[in-house]
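No value in this document is a laboratory result; all are computed from the given coordinates. All values derive from a computational prediction rather than experimental measurement. We place every Cβ from the backbone using ideal geometry, glycine too, and count neighbours over all the protein chains shown.
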Amino acid sequence: MVKGNTTIRFCLLRCARKRGRLRPYSVCVASLAMTIRLAKVPYNELSFRAQRRNLLLMLLLLVTLSASAQYYSRYNSPLYITFEKEVYSPSVRFHPSIRPLLMSEVNTVTNTDSIIDAMKIKRNFNKKYKNWLWNKLNNEDLLILDKKDVYITVNLLFDFGAGYDAANSRATWQNTRGFLVEGTLAKQVSFSTGFLENQAQLVPYVDTFAVRNGVIPGQGAYKNYKTDAYDYSQAFGYVSYSPSSYFNLEVGYGKNFIGDGYRSVLLSDVPFNYPYFKLAANFWHIKYIALYAQFINREQPYNSSQGYPKKYGVFHYLDWAISKRVNIGLYDAVVWDAVDSNGYRGFDWSYISPVIFLRPAEFSVGSPDNSLLGLNMSVKVGRRSVFYGQFLLDEFKLDEVVSGDGWYANKYAWQLGFKSFDIFKLKNLSFQQEFNVARPFTYSHWTYANYAHYSQPLAHPLGANFWESLTFLKFHFKRWYFNNEFQYYQYGADTANMNYGGDIFKFYTTATNIYGNKLIQGLKTGVIRNEFVVSYLINPAVNMNISAGFVYRKEHTDLYTYNTSYIYLALRTSLFNWNLDF
């Protein structure tokens, strides 16, 4: 379902086209190039710790290249929309909160091959070349290599669109070109790698975000293009290996997501791509992941010889399917600045164990880092509905909470949602309602170890000091898709260099008030946003579609009102969600 300027919610990589194939293993070209480059640096130019880190990265990459992985499914792709209600069926135990989803696991609860076949539009022409052209346009990947133990697909990616914001008398356009290569090797190794080059003139409220933050939402830094447009690009990919049905290892340059909702207050796909290494175990009714990642702090001074300063994060998540109707997940994370007051710190080996409790480990090194704890839960009700929720604890002091004095370091966020499929007994009609809340100063830190990457939050795009309501109504019939998203949120903006807790990049030690803090403090800002999109799916292989949409947005405070009334038309391969609904 195409939504906004993008369709796909979670960059989930496509499932294999043949029965029994595991998901493609995606080569992280960017990570490989970085590792090779680092390996060429003379020893005396790097500290011993840095050399050890680079050696570990190379070893992990080599291990992965000799191994195997499994195909991913794209969230909100036509395929995922079809089988999402199956993974939330009360008749199965599954772990849908860990995204992207492994197709080998999805195939245990539904037959994806039959879904793919059902989506195809079949025609028989009297000429072979006509059949070939028909299938390439409507049903298949552009190029397919299918040999023994090798399956590779190649596709072109594009997004050609134009729009007009009547409220601001501004034309917009999008010109995106790229490619995607995916495949499986020996049924155990899978890969996916791609690249996008973009030029765009943005909707005014997105343009304002880009100027203020120095990044295009979800896509990193940009260069100015002509007078009022932008030029930006990105690479992405991963290598994945599954030595057995119980374990999976993955090295990638991309995004991860934990949760059952549209947003996540734990870990989301909001910011730009980042390098990561992920271990996953799936046994009995439990799935567990340990994720190691490197992030960029663009808020610190840029160094021409070393680039932007780095920080690291380690994340653990254990999801237990207690029954066919109840899942509960435990989450912990720690983020630390690679450059502290004493100089270069790098990766802290205190956090290397994949089965360690991170908070005691963080305490053992002197509590200098940003540690978080979280809970994710879902409960299936009836035949086609599920309640879900999350709770994140950034910092907590019981006596301060009980006192009710609004201590600035009582930092937490939560989510509560509900979604239902085939409502009113109408097939393919779904409904979703979600609430998200984050107290002031949540995700921020007293150092640069904020819970963010590349000038965007790692969790909710609004940062902190907000509450949000989201309502979705979706319907599809054959290859026609309809989506309406209604959003209302309030947040407290900073004024006159005062820190009211919404900007997670500011040190929370600079808070305007130590006590008396409350939700939506500062300049109270309300935003209403409604988007309606109708799409026709041309080719499900890469979600090529033609879409028309309308966006109404109103931002208002006691000081100003800012309106957007935007209509657009696009032809695109919608594989990613850039989270432009803010």
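Key figures
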quantity: Length added when fully stretched, ILE514-LYS122, from 0.36 nm per residue minus Cα-Cα; calculated: 134.5 nm
quantity: ILE567 paired with ILE352, simple spin-label distance in nm, labels 7 Å along Cα-to-beta-carbon; calculated: 6.1
quantity: For the stretch 29-573: relative contact order, % (alpha-carbon pairs under 8 angstrom, 6 or more apart); calculated: 13
quantity: Residue (of ALA333, GLY502, LEU398) at the positive-pole extreme of the stretch 29-573, dipole from beta-carbon charges; calculated: ALA333
quantity: Debye, to nearest 20: dipole size of the stretch 29-573, +1 on Lys, Arg Cβ, -1 on Asp, Glu Cβ; calculated: 1780
quantity: With 10 Å bins from 0: P(r) over the stretch 173-320, alpha-carbon pairs, percent; calculated: 9, 30, 35, 19, 7, 0
quantity: Per-selection Rg to Rh, the stretch 498-567 - Cα, Kirkwood hydrodynamic radius; calculated: 1.24
quantity: Most to least packed among 266-274, 164-172 [average Cβ atoms within 10 Å]; calculated: 266-274, 164-172
quantity: Descending principal axes extents, the stretch 406-467, alpha-carbon based, whole Å; calculated: 52, 30, 12
quantity: The stretch 29-573: equivalent-ellipsoid semi-axes (sqrt of 5 x gyration tensor eigenvalues, Cα, Å); calculated: 35, 30, 26
quantity: Cα convex hull of the stretch 201-275 - mean projected area over all directions, nm²; calculated: 6.8
quantity: Extension gain from SER114 to VAL381, taking 0.36 nm per residue of separation minus the Cα-Cα distance; calculated: 93.4 nm
quantity: Kirkwood hydrodynamic radius of the stretch 274-330, from inverse mean 1/r over distinct Cα pairs, in Å; calculated: 13.7
quantity: Charge dipole magnitude, Cβ of K and R +1, D and E -1 - the stretch 405-490, Cα centre, debye nearest 20; calculated: 480
quantity: Alpha-carbon centroid distance for the pair the stretch 115-171 / the stretch 482-517, whole angstrom; calculated: 43
quantity: Charge sum, other residues only, whose C-beta stays under 14 Å from ARG177's C-beta, Lys/Arg counted +1 and Asp/Glu -1; calculated: -2
quantity: Overall Cα dimensions of the stretch 452-542 - principal axes, largest extent first, Å; calculated: 56, 26, 19
